[in-house]
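Engineer: Pasting in a structure now, in structure tokens, and then I'll have a few things to ask.
The values are calculated or read from the model by the stated rules, or taken from the named source; none is laboratory data. Since this is a predicted model, take the numbers as computed values, not measurements. Positions of Cβ are backbone-derived with ideal geometry, glycine not excepted, and every protein chain shown enters the neighbour counts.
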Amino acid sequence: MTKVTRRTFTAGLGVSAALGSLSLPGKMAFAANGKAAVVIVGGGFGGATAAKYLKRFDSKISVTLVEPSSQFATCPFSNTVIGGINKMDYITHGYQALKAMGVTVVHDLVTHIDGAGKSVKLAKGGSISFDRCIVSPGIDFRWDRIDGLDASTAGTIPHAWKAGPQTVLLRNQLAAMANGGTFIISPPPNPFRCPPGPGERISLVANYFKKHKPKSKIVVLDPKKKFSKQGLFKEGWAKLYPGMIDYHNIDNDGVVRRVDVKAKKLITDFGDYKGDVINFIPAQMAGKIAQSSGLTDSTGWCPVNQMTFESRLVQGVHVIGDASMASPMPKSGFAASTQAKVCAAAVSNLLKGQTPGTPKFVNTCYSLVSEDYGISVAMVYGFDKGKITKIKGSGGLSPSGADAQFRSKEANYARGWYESISRDIWG
Amino acid sequence: MKPNKLPIAIGLITVGLFCAPQSSHAEMASDTVLLNTCYSCHGTDGKSAGDMPTIAGKSKKYIADSLKAFRSGKKTSTVMMRIAKGFNDAELNAIASAFSKQMGRK
């Protein structure tokens, strides 16, 4: 369908909806003059996609994106920076394209979202009002769940689970480590951002060690029983990095009880693990602004209507991405972006008094085991009986035992995906 | 406007009715929502920025045949075989039809 056809079609629906909804004057007031205002909190995969697609759906909507950083570093492909394959500029994106589309980009921090008063408060002072708000706050860490660590120790023992300075810190620590050193990584408990992320990080650090520090070892202390794409990762590790990775799961002393930052030691029930470089990824919850604005429940995550992503706790405020409870979808950048498109369509519909359409989502998570060895897991999602549902028979993992050509193709597609999605969002 | 628009629409409706008794699903997602799911890999409006093929402007028949062949396994791939299985005939036809008209969009 061409742009003109869709616009005409949408406009037609808008008129009939407006006529049919005169009983709701408050809701329709702005739709009539075309000045509905949407504030988007957070400029990552979810927020930036929502801003762009709201403008695509209806250029008349006033869209304001509030994001503290003038440039955004993505977690996807940050493992390639940590593994020395790419530099930070490869994973860093700006907001020029969104501004050119008419999105107002405000570089500030939202300190409170007032659902009842329909406005967001800014750290530098002032507030912005909205008819609807889309929040894509990402994750925050549960430092209370680990003895010995807090936000201040991240300068010594990085999490590197929010890309940016933390990515650079971990990269620099690995680059400074002697050949023969030990790298310890402790992945978080479920649920967390990017389930296959730790496996990819282990792989790309092993890839770096193999080339530059072949006597080095990797110890993994994982509090879980199993991890995403486990079979595929282990197949790749056996092939590419035999003997380098010592993996402990919950049944094999993988649970870290305490961290001794000074001694660079992780303490478990049965032993002390000393590392030259330690990457501890803490347990997670929805980003801080979601916590402080009443968008989270007792789990620490945000319950939403899975059709529109409107919060079940605060009316008129939508939550997308890692922070939202969108199960069975994983917490991934791809998922956040596909949710943002569905949410933007729903918000655009709701602002016109229309009923939101049926959602459809796709997620593909690529992981690199090395530069020319890629693996993936995919799923297509529909909507049934008020819930996001996996489409039976779709999706699944890359085949085990595939040949080098297949793995190489998927590595190229991993890069192709990253280039397409980052241009789709920030380009 | 393409002269064959009406027959396509009838085709979609027929498929939709045929499928209806097999599934209790709500109505089909709109063309826009369906296409948006493709852009994350194949680029905005089907114009790829990387290794995935550009779909915009390919013929409706080529896209529909390819998607159905991926779904049945006749055409092999890395991931499209897994993704095409998540869409029914009506959805694949709608995607093919919409992408074949994407060329002019900036």
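Engineer: Give the residue that is nearest to residue A:199 (Cα to Cα), with candidates limited to residues of region A:338-372 that are among the polar types (S, T, N, Q) and touching a strand residue (DSSP E or B) at 6+ places or on another chain (Cβ under 9 Å). Let's see the steps before the verdict.
Structural biologist: Going residue by residue through region A:338-372, those that are among the polar types (S, T, N, Q) are A:338-339, A:348-349, A:354-355, A:358, A:363-364, A:367, A:370.
Then drop every residue that is not touching a strand residue (DSSP E or B) at 6+ places or on another chain (Cβ under 9 Å), which leaves A:338-339, A:348, A:358, A:363-364, A:367.
Details: A:338: 23, A:339: 24, A:348: 38, A:358: 34, A:363: 18, A:364: 16, A:367: 8 Å.
Among them, the one singled out is A:367.
Engineer: Collect the residues in region A:336-381 that are in a loop (DSSP other than H, G, I, E, B) and facing chain B (nearest Cβ under 8 Å), keeping them in residue-number order.
Structural biologist: Applying the first criterion (in a loop (DSSP other than H, G, I, E, B)) to region A:336-381 yields A:352-360, A:371-372.
Residues satisfying the conditions are A:357, A:358, A:359, A:360.
Engineer: Checking residue A:388 against (1) at pLDDT 95 or above; (2) under 21 Å from the mean Cα position of the chain (by Cα); (3) within 8 Å of another protein chain (Cβ to nearest Cβ), only one condition comes out false. Which one?
Structural biologist: Result: residue A:388 fails condition (3) only.
Engineer: Here's something else I'd like to know. Here are B:61, B:75: which of them is assigned to a helix (DSSP H, G or I), of a type in the set (Lys, Arg) and either more than 10 Å from chain A (Cβ to nearest Cβ) or under 15 Å from residue A:360 (Cβ atoms) (or both)?
Structural biologist: Working: B:75 fails: assigned to a helix (DSSP H, G or I).
The unique qualifying residue is B:61.
Engineer: Now for a separate question. What residue, of A:262, A:274, is over 19 Å from residue A:199 (Cβ atoms) and in contact with a Lys or Arg (Cβ under 9 Å, 6 or more places away or on another chain)? It would help to see each step written out before you state the result.
Structural biologist: Working: A:262 fails: in contact with a Lys or Arg (Cβ under 9 Å, 6 or more places away or on another chain).
Going through A:262, A:274 in turn, just one is over 19 Å from residue A:199 (Cβ atoms) and in contact with a Lys or Arg (Cβ under 9 Å, 6 or more places away or on another chain): A:274.
Engineer: Follow-up. Give the number of residues within region A:309-328 that are assigned to a loop (DSSP other than H, G, I, E, B), under 20 Å from residue A:390 (Cβ atoms) and out of contact with any Asp or Glu (no Cβ under 9 Å at 6 or more places or on another chain).
Structural biologist: Filtering region A:309-328 down to residues assigned to a loop (DSSP other than H, G, I, E, B) leaves A:309, A:312-316, A:320, A:325-328.
Filter again for under 20 Å from residue A:390 (Cβ atoms), leaving A:309, A:320, A:325-328.
Filter once more, so that each one left must be out of contact with any Asp or Glu (no Cβ under 9 Å at 6 or more places or on another chain): A:309, A:320, A:326-328.
Of the residues in region A:309-328, 5 are assigned to a loop (DSSP other than H, G, I, E, B), under 20 Å from residue A:390 (Cβ atoms) and out of contact with any Asp or Glu (no Cβ under 9 Å at 6 or more places or on another chain).
Engineer: So residue B:55 passes all but one of these: (1) more than 7 Å from chain A (Cβ to nearest Cβ); (2) part of a helix (DSSP H, G or I). Which condition number does it fail?
Structural biologist: Among (1) more than 7 Å from chain A (Cβ to nearest Cβ); (2) part of a helix (DSSP H, G or I), residue B:55 violates only (2).
Engineer: So residue A:160 passes all but one of these: (1) surrounded by fewer than 22 Cβ atoms within 10 Å (Cβ to Cβ); (2) assigned to a loop (DSSP other than H, G, I, E, B); (3) of a type in the set (A, V, I, L, M); (4) touching a helix residue (DSSP H, G or I) at 6+ places or on another chain (Cβ under 9 Å). Which condition number does it fail?
Structural biologist: Looking at each condition in turn, residue A:160 falls short on (1).
Engineer: Of the residues B:97, B:66, which single one is of a type outside the set (Asp, Glu), closer than 24 Å to residue A:382 by Cα, under 11 Å from the mean Cα position of the chain (by Cα) and at the interface with another protein chain (Cβ under 9 Å from one of its Cβ atoms)?
Structural biologist: Values: B:66 fails: at the interface with another protein chain (Cβ under 9 Å from one of its Cβ atoms).
Of B:97, B:66, the one residue that is of a type outside the set (Asp, Glu), closer than 24 Å to residue A:382 by Cα, under 11 Å from the mean Cα position of the chain (by Cα) and at the interface with another protein chain (Cβ under 9 Å from one of its Cβ atoms) is B:97.
Engineer: Another one. Run down A:209, A:192 and say which single residue is in the same structural domain as residue A:255 (by TED's automatic domain parsing), assigned to a helix (DSSP H, G or I) and out of contact with any Gly (no Cβ under 8 Å at 6 or more places or on another chain).
Structural biologist: Details: A:192 fails: assigned to a helix (DSSP H, G or I).
That would be A:209, the only listed residue that is in the same structural domain as residue A:255 (by TED's automatic domain parsing), assigned to a helix (DSSP H, G or I) and out of contact with any Gly (no Cβ under 8 Å at 6 or more places or on another chain).
Engineer: How many residues are touching a helix residue (DSSP H, G or I) at 6+ places or on another chain (Cβ under 6 Å) and of a type outside the set (Ser, Thr, Tyr) if we restrict to region A:163-177? Break it down into steps so the answer makes sense when it comes.
Structural biologist: Going through region A:163-177, the residues touching a helix residue (DSSP H, G or I) at 6+ places or on another chain (Cβ under 6 Å) turn out to be A:163, A:167, A:170-171.
Now narrow it down to the ones that are of a type outside the set (Ser, Thr, Tyr): A:163, A:170-171.
Of the residues in region A:163-177, 3 are touching a helix residue (DSSP H, G or I) at 6+ places or on another chain (Cβ under 6 Å) and of a type outside the set (Ser, Thr, Tyr).
Engineer: Test of understanding: among A:323, A:336, which residue is closer than 21 Å to residue A:358 by Cβ and touching a residue at least 24 places away in the same chain (Cβ under 8 Å)? Show your work before the answer.
Structural biologist: Values: A:323 fails: closer than 21 Å to residue A:358 by Cβ.
Answer to the check: A:336.
Engineer: Which is under 22 Å from residue A:342 (Cα atoms) and either buried (at least 21 other Cβ atoms within 10 Å of the Cβ) or among the hydrophobic types (A, V, I, L, M, F, W, C) (or both), of B:63, B:95? So that I can check it myself, show each step before the final result.
Structural biologist: Numbers: B:63 fails: under 22 Å from residue A:342 (Cα atoms).
Answer to the check: B:95.
Engineer: Do we find a residue being more than 22 Å from residue A:124 (Cα to Cα), surrounded by fewer than 22 Cβ atoms within 10 Å (Cβ to Cβ), within 14 Å of chain B (Cβ to nearest Cβ) and modelled with pLDDT of 95 or more anywhere in region A:30-51?
Structural biologist: no
Engineer: Of everything in region A:172-218, what is touching a residue at least 40 places away in the same chain (Cβ under 8 Å) and over 25 Å from residue A:87 (Cα atoms)? Give them in sequence order. Lay out the reasoning, then the answer.
Structural biologist: So the first thing to find is which residues in region A:172-218 are touching a residue at least 40 places away in the same chain (Cβ under 8 Å), and the list is A:173-175, A:177-178, A:181-189, A:191-205, A:207-208, A:212.
A:188, A:189, A:191, A:192, listed by residue number.
Engineer: Taking the condition within 19 Å of residue A:80 (Cα to Cα), more than 7 Å from chain B (Cβ to nearest Cβ) and either touching a residue at least 24 places away in the same chain (Cβ under 8 Å) or more than 22 Å from the chain's Cα centre (by Cα) (or both), does residue A:411 pass? It would help to see each step written out before you state the result.
Structural biologist: On the way: within 19 Å of residue A:80 (Cα to Cα): yes; more than 7 Å from chain B (Cβ to nearest Cβ): yes; either touching a residue at least 24 places away in the same chain (Cβ under 8 Å) or more than 22 Å from the chain's Cα centre (by Cα) (or both): yes.
Criteria met by residue A:411.
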